[in-house]
Amino acid sequence: MKNDISRRGLWLVLLAVVVIWFGNLEYRKLIRPDEGRYAEIPREMVVSGDWTTPRLNELKYFEKPPLQYWATAVAYEVFGEHQWTSRIWTALTGFAGILLAWFAGARLFGREAGIYAALLLGSSMLYTMMAHINTLDMGVTFFITLGIFSLLLAQKEEHDAQQRNWMLLAWAALALSVLSKGLMGLVLPGAALFLYSIFNRDIRIWKRMHWIGGLLVFFLIATPWFVLVMRDNPEFFHFFFIHEHLERFTTKVHGRFQPWYYFVPILLLGMLPWTALMFDALLRSWRGSVQKAREFSAERFLLVWTVFIYVFFSISDSKLPSYLLPMFPPLALLMGKQLAEMNARRLFWLTVPVLVVVAVLLGVIPFAVKIAADTPLQHQMYGNYSVWLLVAAVLWLVGTVAALWSLRLDRKMAAVIVLAFSSLAASQLATSGYNTIAPERSSYILADAIRPLIKPGVPFYSVFCYEQTLPFYLKRTFTLVDFQDEMAFGIEMEPERWIPTADQLAKRWSIQKDAYAIVPTPLLHILQEQGMPMKEIYRDEQYVVVSKP
């Protein structure tokens, strides 16, 4: 059977992906902490008009560069402040990564390999889920990928002008990756290139980097903001470059320490339904690229990059699941190349394990939800979420069975499309279904309840806590009381913007005509012991909101 797809069929596939990919951005409520934080910082940029100094809750916040903040702020200015506009940059860069995998795969390894690479990337569980959660990792992944793919395409070009243009694009992409999440956007590609040149004994690639023009492009894009922010904030240099980069990697200062094997289950589950294919492709890529030593090999470079990213973050003292994202697009290219050369029978046996995984999920989901629930409200919310997960698993099961049947008929392309779409749809259902337990991870209910009661311009204190999603939903900031967390640096720089203790709050509260405060429900008694006159205007299991009577 013909394992190809027509141009018309390709456009239909792309249209379907667009609908599924972007269709649920507004549906889910923002969840803390990341989605609240990265929705709020650009909102405050729009309100203040200061696009140089990022602020969270009106406190200086220098943990990350501003590119995603700028993009989201522009979306707010054009389309308004919504859940979907807060997530649009993550979703767009994730989708652009799929198109990039198709383009680069087709140029490097052939049309069929490019199509497969895009399908595999756009249906891998970790990649698809992280493309719909508002964090900074998808944006930096896209620009790093654009940089290294442009480098590979430059090495493939024989014409000097085209090679130069691809390299200039690579340098520009790395500059944008630095503006997305810091020096990792430059350090990781540079280290991978160094390792590749050693393993492949190829130093000629360093002579084809177009250093003068490339560095000029890089610094023209990357440095203006750093110059401006350090001019306005001399303290920026030490916090950003030493604390946020060196100490993040070498110490446990951020409290994200995990054992070396932390990423093993994340990779195995995150690459589903293509996990078995991944191991097969890595092994075959290694064997196939050995013969190309001493010559530039895009396949060998992608292999070095993939292994390096995994090892680098495994030995780091700071670990989060999303840190593996930069290895997914290169992996997709390697897998797409091997899949294009693979017969349907081999892919059949590499797909069979997905049936086992889905069967286990169908059996485990109801029991896992019961174990996770501690309160009656959680039992109800998690029970509702289990329905979404079960529907997603059934859809995934049907898609897997259909894909295996197509492979038995030697229809490899059809099988990959069916399995990819069922996996993408299943991940979107699982992500959307998380909205059923949003009440314990989001403050939208609280915000809706108190919004009519809150007068503009009246002081609002956040005592012993900072609910990350509440500022976005209420469209206002708070004065922190006896709480610092990630805003400790901003408080140190501007101590007048916070209140250190509850007794100091009580003194200020007593002389103000109107005021509001939010406090964790179990800690309300501390304010009561201060003798503060209070009237409850909202209460749930997590928070109490009070006002002056």
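Could you tell me whether Val387 is β-branched (Val, Ile, Thr), in a helix (DSSP H, G or I) and at pLDDT 95 or above?
On the way: β-branched (Val, Ile, Thr): yes; in a helix (DSSP H, G or I): yes; at pLDDT 95 or above: no.
For Val387, the condition - β-branched (Val, Ile, Thr), in a helix (DSSP H, G or I) and at pLDDT 95 or above - is not met.
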Which one is modelled with the lowest pLDDT, of the residues in segment 32-66 that are in contact with a Ser or Thr (Cβ under 6 Å, 6 or more places away or on another chain) and surrounded by fewer than 21 Cβ atoms within 10 Å (Cβ to Cβ)?
Arg32
So which pairs qualify, if the first residue must be in segment 118-134 and buried (at least 23 other Cβ atoms within 10 Å of the Cβ), the second must be part of a loop (DSSP other than H, G, I, E, B), the Cβ gap must be under 7 Å, and the two must be at least 6 apart or on different chains?
Leu120/Trp274; Ser124/Met271; Ser124/Trp274; Thr128/Gly122
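Quick one: is Ala488 within 29 Å of Thr53 (Cα to Cα) and assigned to a helix (DSSP H, G or I)? Spell out how you get there, then give the answer.
On the way: within 29 Å of Thr53 (Cα to Cα): yes; assigned to a helix (DSSP H, G or I): yes.
Judged against the criteria, Ala488 is a match.
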Of everything in segment 511-549, what is more than 25 Å from Tyr444 (Cα to Cα) and surrounded by 15 or more Cβ atoms within 10 Å (Cβ to Cβ)? Give them in sequence order.
Ile526, Gln530, Met532
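Every residue in segment 170-190 that is closer than 11 Å to Leu67 by Cβ and either of a type in the set (A, V, I, L, M, F, W, C) or buried (at least 21 other Cβ atoms within 10 Å of the Cβ) (or both), please. Before you say what the answer is, go through the steps one by one.
Kept after step one, since they are closer than 11 Å to Leu67 by Cβ, are these residues of segment 170-190: 175-182, 185.
Selection gives Ala175, Leu176, Ser177, Val178, Leu179, Ser180, Lys181, Gly185.
Each row is one residue, and each column tells you yes or no for (1) in the same structural domain as Gly147 (by TED's automatic domain parsing); (2) within 21 Å of Gly433 (Cβ to Cβ); (3) under 17 Å from the mean Cα position of the chain (by Cα).
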position	(1), (2), (3)
Val19	no, yes, no
Pro54	no, no, no
Glu63	no, no, yes
Trp70	no, no, yes
Ala75	no, no, no
His82	no, yes, no
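Kindly check whether there is at least one residue in segment 475-486 that is in contact with a strand residue (DSSP E or B) (Cβ under 9 Å, 6 or more places away or on another chain) and farther than 19 Å from Val544 by Cα. Before the answer, list the steps.
Step one: filter segment 475-486 for residues in contact with a strand residue (DSSP E or B) (Cβ under 9 Å, 6 or more places away or on another chain), giving 476-484, 486.
From what's left, farther than 19 Å from Val544 by Cα: 484, 486.
Yes, because at least one residue in segment 475-486 is in contact with a strand residue (DSSP E or B) (Cβ under 9 Å, 6 or more places away or on another chain) and farther than 19 Å from Val544 by Cα.
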Residue under question is Tyr473, and the condition is that it be in a loop (DSSP other than H, G, I, E, B), in contact (Cβ under 8 Å) with a residue 24 or more places away in the chain and within 30 Å of the chain's Cα centre (by Cα); does it hold?
no
Take the residues of segment 307-324 that are of a type in the set (Val, Ile, Thr) and more than 18 Å from the chain's Cα centre (by Cα): which is surrounded by the fewest Cβ atoms within 10 Å (Cβ to Cβ)?
Ile315
Mind checking which residues of segment 415-459 are among the small types (Gly, Ala, Ser) and without any contact (Cβ under 8 Å) to a residue 12 or more places away in the chain?
Gly457
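Here is a yes/no grid of residues against (1) touching a residue at least 40 places away in the same chain (Cβ under 8 Å); (2) touching a Phe, Trp or Tyr at 6+ places or on another chain (Cβ under 7 Å); (3) of a type in the set (Phe, Trp, Tyr):
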position	(1), (2), (3)
Ser150	no, yes, no
Ala154	yes, yes, no
Trp171	yes, yes, yes
Leu186	no, no, no
Between Trp286, Trp305, which is in the same structural domain as Ser177 (by TED's automatic domain parsing) and touching a Pro at 6+ places or on another chain (Cβ under 8 Å)?
Trp305
Output the qualifying pairs, or none if there are none: Cβ atoms under 6 angstrom, residues six or more apart or on different chains, first residue in segment 373-400 and over 25 Å from Val352 (Cα atoms), second residue of a type outside the set (Val, Ile, Thr) and at pLDDT 90 or above.
Tyr385/Gly433
Of the numbered conditions (1) under 24 Å from Gly336 (Cβ atoms); (2) outside the structural domain of Gly213 (by TED's automatic domain parsing); (3) buried (at least 22 other Cβ atoms within 10 Å of the Cβ), Phe149 satisfies every one except a single condition; which is it?
(2)
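Only one residue in Thr400, Thr436 is at pLDDT 95 or above and hydroxyl-bearing (Ser, Thr, Tyr), so which one is that? Talk me through it step by step, then tell me what you get.
Details: Thr436 fails: at pLDDT 95 or above.
Only one candidate passes the filter, namely Thr400.
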Only residues in segment 232-253 that are of a type in the set (D, E, K, R) count as the first member; pair them with residues that are at pLDDT 60 or above, Cβ under 7 angstrom, at least 6 apart or cross-chain, and list the lot.
Asp232/Thr52; Asp232/Thr53; Glu235/Met493; Glu244/Glu63; Glu244/Gly182; Arg248/Ser318; Lys252/Asp317
Here is a list of conditions, (1) crowded, with 18+ Cβ neighbours inside 10 Å; (2) modelled with pLDDT under 95; (3) not assigned by TED's automatic domain parsing to the domain that holds Leu409, and Thr90 meets all of them except one; can you say which number that is?
(2)
Considering only residues that are touching a Leu at 6+ places or on another chain (Cβ under 9 Å), over 14 Å from Met209 (Cα atoms) and of a type outside the set (Gly, Ala, Ser), which ones fall in segment 158-185?
Leu176, Val178, Leu179, Lys181
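The values are calculated or read from the model by the stated rules, or taken from the named source; none is laboratory data. On a predicted model such as this, the values are computed, not experimentally measured, just so you know. Every residue, glycine among them, receives a Cβ derived from its backbone with ideal geometry; neighbour counts consider all protein chains shown.
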